[in-house]
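Worksheet for the structure shown next.
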Amino acid sequence: MPLAAERQERILAAVRKHGMVRLSDLVTQLGVTAVTVRRDVTLLADRGLVQRVHGGIALPHRAQTQPAREGVPGAYGPMATRALVGMVVPSVEYYWPPVIQGAHAAVAAAEGRLVMRASRWDDPAEDRRQINALLERGAQALLIAPTTTGDTATELLRWIGSLTVPVILVERRPPQELLTLALDAAMTAHALGAGLAVRHFVTLGHSRIALITTRQSPTSTALRTGWHDAVDTLGLPSHEGLDIEVPSYGAPGWAKAYTGVLRRSRDLGVRALLVHSDREAIGLIERARDQDISVPGDLAIVTYDDEIGAASDPPLTAVRPQKHRIGRIAAELALAKLADVGEEWPVHRVELWPTVVVRESCGTVPRPEAP
C-alpha cells in the first residue's frame, strides 16, 4: 500500500492532469479502500489543494473562498479581498520588475497577497511547473506571461484555458490558432507603439526608418508588424532591407554587427533607427561615437522600452510601455473575476497604448535626406 504522502501526490497529479477525478477511479488507481481515499481527499481539501465536487474532486475553484471576501470597488466591478494571487513571469529582470510591482500594489490594496514564480523564456514545461506550484500553494487566481509560440506552447495554453481558477495573461495573447480560447489578458499595444515611433520620425522629416531588433524578444514580432503597417499606411518609400536583426548588446560579435548596421544605414541613406531595446540603442550610440557619427545630428534614434533611456548620452527619445499599470490592471481583472462568482464574465482583452517620451536623440529636424 502506498504511503499517505505518496498517495496524496498521486491524487494531486491526477487532478492536475484531468481537471476532475472521480473518487471511484482513485480507489482503483491507488488500490486502496474508499475510506482511505476519502481521508486523503479530506486532508487535501482542508489544505486548499483540491475542491470537492459531486462524485469526485477538482482543482480549487474561485467560488471556494467567496464567503471570506466582501469586495472592494474596482474599475472592472467589485474586487475580491484577502485573496492569494499567483504570478508567473519569464524573468525578474529588465522589463518585468515594474509589471510585478504594479500587480503587487493592486493585490495589496485589496488586502491580498501576491506570490510570484520566475519561469524561463520559451520554456512551456517550466511555465507549467511553476503554475502547478502556485496552484498547490493555494493560489486562487493567476497572472501568467507564458510562452505562446510552438506546439508545446499551444498545449500549455489549452491547459491554462481549462483551469478552474481565474487566469489573466500578462503581456501575452493566445496565438491565431487559439483565437477563441477564452482567456482574459492585459497587454501593451506594441504594434501601435512602433507606429507611433515611425510617425514621430516622419514629423521630423525622415522617410526611411530602419527597424533594429533582437531575436530573443517576443515583442519584436509585434514591433515589426507595427513598423510595416505604419510604413504602408503613410505611403513611405520602400523599406526593403531595413528590418535588421542584431545580437543582444554585449553578446559575442555585437560590436561588429552594430558597426555594420551603421554602415548599412549610411549606404542606404537612412538617418532614423527604431531600436528595441534601450541596451541595443545605447550600444549603437557607442559605435556611432567611435565612427564620428553624431546622434542626433547625423542619425536619429528612438528606443522601445525606456528602462534606462533617460541616462543615455544623449538621452534617448523612447516609446514607453505602461508596465506598472499593466501589472495593476491584470491584478484588478483577476480580483474582479474572482469576486464575480455566479455572473457571466465576458472575456476581457485590455490593451494599453504606450507613450512617446521625446528627448535629445532625435529631437532635432534632420538635414534633407539624399534622394
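The values are calculated or read from the model by the stated rules, or taken from the named source; none is laboratory data. Here the structure is a predicted model, which is why all the values come from computation and not from measurement. In this analysis, Cβ positions are derived from the backbone assuming ideal geometry, glycine residues included, and neighbour counts consider all displayed protein chains.
Filter segment 255-280 down to the residues that are assigned to a helix (DSSP H, G or I) and touching a residue at least 60 places away in the same chain (Cβ under 8 Å) and list them by number. Spell out how you get there, then give the answer.
Quick first cut of segment 255-280, residues assigned to a helix (DSSP H, G or I) only: 255-267, 278-280.
Of everything in segment 255-280, just one residue is assigned to a helix (DSSP H, G or I) and touching a residue at least 60 places away in the same chain (Cβ under 8 Å), namely Glu280.
Got a sec? Which of Ala281, Ala257 is modelled with pLDDT of 95 or more and crowded, with 24+ Cβ neighbours inside 10 Å? Give the derivation first.
Numbers: Ala257 fails: crowded, with 24+ Cβ neighbours inside 10 Å.
Matching residue, one of Ala281, Ala257: Ala281.
With the structure loaded, tell me whether Pro252 is surrounded by 15 or more Cβ atoms within 10 Å (Cβ to Cβ), within 29 Å of the chain's Cα centre (by Cα) and over 22 Å from Thr203 (Cα atoms) or whether it fails that test.
Numbers: surrounded by 15 or more Cβ atoms within 10 Å (Cβ to Cβ): no; within 29 Å of the chain's Cα centre (by Cα): yes; over 22 Å from Thr203 (Cα atoms): yes.
When the stated conditions are applied, Pro252 does not pass them.
Among the residues of segment 136-175, which ones are part of a helix (DSSP H, G or I), crowded, with 22+ Cβ neighbours inside 10 Å and touching a Gly at 6+ places or on another chain (Cβ under 8 Å)?
Within segment 136-175, none qualify.
Starting from segment 25-37, keep only residues that are under 16 Å from Val50 (Cα atoms), then list their pairs with residues that are of a type outside the set (A, V, I, L, M) and part of a loop (DSSP other than H, G, I, E, B) whose Cβ atoms are within a distance under 6 Å, requiring at least 6 positions of separation or different chains.
Filtered contacts from segment 25-37: no entries.
Quickly run through segment 16-35 and pick out the residues that are loosely packed, with under 12 Cβ neighbours inside 10 Å, closer than 24 Å to Ile131 by Cα and small (Gly, Ala, Ser).
None - no residue of segment 16-35 is loosely packed, with under 12 Cβ neighbours inside 10 Å, closer than 24 Å to Ile131 by Cα and small (Gly, Ala, Ser), so the list stays empty.
Which numbered condition in (1) surrounded by 16 or more Cβ atoms within 10 Å (Cβ to Cβ); (2) at pLDDT 95 or above; (3) over 18 Å from Val198 (Cα atoms) is the only one that Ala318 fails?
All conditions are met except number (3).
Suppose we filter segment 213-246 for residues that are in a loop (DSSP other than H, G, I, E, B), over 21 Å from Leu192 (Cβ atoms) and within 22 Å of the chain's Cα centre (by Cα); how many remain?
Just the residues of segment 213-246 that are in a loop (DSSP other than H, G, I, E, B), to begin with: 214-218, 234-242, 246.
Narrowing the set further to residues that are over 21 Å from Leu192 (Cβ atoms) leaves 215-216, 237-238, 240-241, 246.
When the remaining residues are screened for being within 22 Å of the chain's Cα centre (by Cα), the result is 215-216.
Residues flagged as in a loop (DSSP other than H, G, I, E, B), over 21 Å from Leu192 (Cβ atoms) and within 22 Å of the chain's Cα centre (by Cα) within segment 213-246 amount to 2.
How many residues does segment 152-166 contain that are under 24 Å from Ser91 (Cβ atoms) and in contact (Cβ under 8 Å) with a residue 40 or more places away in the chain?
Here the count works out to 3.
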